[in-house]
1. Just name the residue that is modelled with the highest pLDDT out of those in region 74-109 that are assigned to a loop (DSSP other than H, G, I, E, B), within 26 Å of the chain's Cα centre (by Cα) and farther than 17 Å from Asp59 by Cα.
2. Among the listed residues Phe191, Phe203, which satisfies the condition of being surrounded by fewer than 19 Cβ atoms within 10 Å (Cβ to Cβ), modelled with pLDDT of 95 or more and on the phi < 0 side of the Ramachandran plot?
3. Hey, can you tell me all the residues within region 35-49 that are at pLDDT 85 or above and farther than 25 Å from Gly111 by Cβ?
4. Do you know which residues across region 223-276 are among the aliphatic types (A, V, I, L, M), free of Cβ contacts under 8 Å to residues at least 12 places away in the same chain and in a loop (DSSP other than H, G, I, E, B)?
5. Which of the residues that make up region 357-376 are farther than 10 Å from Met311 by Cβ and assigned to a helix (DSSP H, G or I)?
6. Take Phe289 and decide whether it is assigned by TED's automatic domain parsing to the domain that holds Ser260 and either buried (at least 22 other Cβ atoms within 10 Å of the Cβ) or of a type in the set (S, T, N, Q) (or both).
7. Is there a residue being modelled with pLDDT of 75 or more and within 27 Å of Ile4 (Cα to Cα) anywhere in region 124-132?
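The values are calculated or read from the model by the stated rules, or taken from the named source; none is laboratory data. Just so we're clear, the structure is a prediction, and the values are computed from it rather than from any experiment. Backbone-built Cβ (ideal geometry, glycine too); neighbour counts: all protein chains shown.
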Amino acid sequence: MKLIELAKELNVSAESIKQFIQDFDLDLVDCISTQFEVKEDFEKFARENVDFLKLYETDLDKNKTVDQIAETINQPKDKIEKAIEENPSNIFDNGLFRSSISSYGIDQKLGGNYKFVYNYFGNKTKLQQRDFIGYRDLFFYISDILEPFLNPQQTKDWGIHKPAGIILYGPPGSGKIFWANKIAEIINYKFKEVKKHYLGTSFIDGNQTNFNDFLVTMMKEDKVLLFLDDFDEIMMERNAENNVASCNLETQEIILHHVSKFESEGVLMVGSANSVADIDEEILAPGRFDVVIPVFPPNAAERSEIILYSMTKNLDKDSLLFKILKNNKADKIPFWSETVKKMKVFSNTMLIDFTQSLKKRIKNRYQRTKDEKLKIDETLLNGALRDAAAKLTEEYLNQIAQFLNDVIINNLDDFQMRIHALKSELETYQSVETPRREIGFMHNDEDNV
């Protein structure tokens, strides 16, 4: 059963159910599939607790004061204010909180008893079976954008059309190609990467072909997603400061010529960009690539889950590494909480680098000691951390700063919590100027440099 069908049957909006999943930190894999098929446990929960879901929806849709929230969930006002102070834009000038805040979501974060929710799911799904970790907010944001693909009635009823082009933007290593594949999976389109050599002129079986021919061929196929990397470089605006390559200008012209036909021909082009700041405005015009989706580096909670997933992926329970992880309680998320605090603004790629380095260091120590109960100590963790941090360059930090500027301009209302968290993490890397040594001879009590 599709989520929208269940929501209609229970007389509860699908939007409130999506928000409920986020408020209660439920794993998507326990609730719905990528195509929004409802999982058995979640359907059972929804049917048995429809009264609570309706109560949740009513509260979510209501503008409310702190006093009203406190009365609803029986929690102290000061704790409630602290729980929502990081989301100030949800406060009207008259002191009321907008309907996007759930009293019950706040209560859950303050330790409210919701065992009746978690009895159904949350602890049953093995981490190894997860399709992806965290990012519930981004998944639902993307699914809303893709609704015209999933529900053709939306176009008939509201005139909301399928996007012809989407830009996924974010710093390197944040998983843009993963999300492009996920978009193709959600809308059931065939994923096709546009290789760089497709953009120029080439010879196949002695016949000359070019990018225009390639696009025409793709539009004859049924439901295809074209993924184009380095979109910001290829689609760069022409001006005195930017020297745009002639081949890129030609690619721009070809795409602009065909983009109006993408929707009717069953084509969706998804571009991957580090930034949208320098992309030509003609490309971003309505009906072209007017949908931009930010792909954030993982937050602290997601970093822990990604590390655990990568450390245990495909491991046999009898493997040496799994035994060592279990002996250190490193097969559970809390073990990694202190380490991820040192990984501020780390990309997904950096986290994978960390786990690969750590696995090798554990293996090397085991080969020396032959001790299955060896301790995963600070020496091992910090060594792997240094290896992973090699990609944490000044250029990367500048890319994070540019990404924050982009997302504040384009998607501020949609990802306020992520923006706030990423901004705070980036600020920890602000350099402090080292005092200069006075000119002259070194005194005896000074350390040699």
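1. As a first pass, look at region 74-109 and keep what is assigned to a loop (DSSP other than H, G, I, E, B): 74-76, 85-87, 92-96, 98-102.
So of that shortlist, the ones also within 26 Å of the chain's Cα centre (by Cα) come out as 85-87, 98-102.
Going one step further and asking which of them are farther than 17 Å from Asp59 by Cα, we end up with 85-87.
Working: Glu85: 69, Glu86: 54, Asn87: 54.
Across region 74-109, the extreme among qualifying residues is Glu85.
2. Within the list Phe191, Phe203, the selection yields Phe191.
3. Within region 35-49, the first condition is being at pLDDT 85 or above, and the residues that meet it are 36-49.
Those that are at pLDDT 85 or above and farther than 25 Å from Gly111 by Cβ: Phe36, Glu37, Val38, Lys39, Glu40, Glu43, Lys44, Arg47.
4. We begin by selecting, within region 223-276, every residue among the aliphatic types (A, V, I, L, M); these are 224-226, 228, 234-236, 240, 244-245, 249, 254-256, 259, 267-270, 273, 276.
Add one more test, that the residue is free of Cβ contacts under 8 Å to residues at least 12 places away in the same chain, and what stays is 240, 244-245, 249.
Within region 223-276, Ala240, Val244, Ala245 qualify.
5. Ser357, Lys360, Arg361, Lys363, Asn364, Arg365, Tyr366, Gln367, Arg368, Thr369 - these are the residues of region 357-376 that are farther than 10 Å from Met311 by Cβ and assigned to a helix (DSSP H, G or I).
6. Details: assigned by TED's automatic domain parsing to the domain that holds Ser260: yes; either buried (at least 22 other Cβ atoms within 10 Å of the Cβ) or of a type in the set (S, T, N, Q) (or both): yes.
Yes; evaluated as a whole, the condition is true for this residue.
7. If we filter region 124-132 for residues that are modelled with pLDDT of 75 or more, which is where we start, we get none.
No, region 124-132 contains no residue that is modelled with pLDDT of 75 or more and within 27 Å of Ile4 (Cα to Cα).
Residue-wise test of (1) without any contact (Cβ under 8 Å) to a residue 60 or more places away in the chain; (2) under 25 Å from Asn299 (Cβ atoms); (3) surrounded by 15 or more Cβ atoms within 10 Å (Cβ to Cβ).
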| position | (1), (2), (3) |
| --- | --- |
| Lys18 | no, yes, yes |
| Phe24 | no, yes, yes |
| Ile32 | yes, yes, yes |
| Gln35 | no, no, no |
| Val38 | yes, no, yes |
| Phe45 | no, no, yes |
| Asn49 | no, no, yes |
| Glu57 | yes, no, yes |
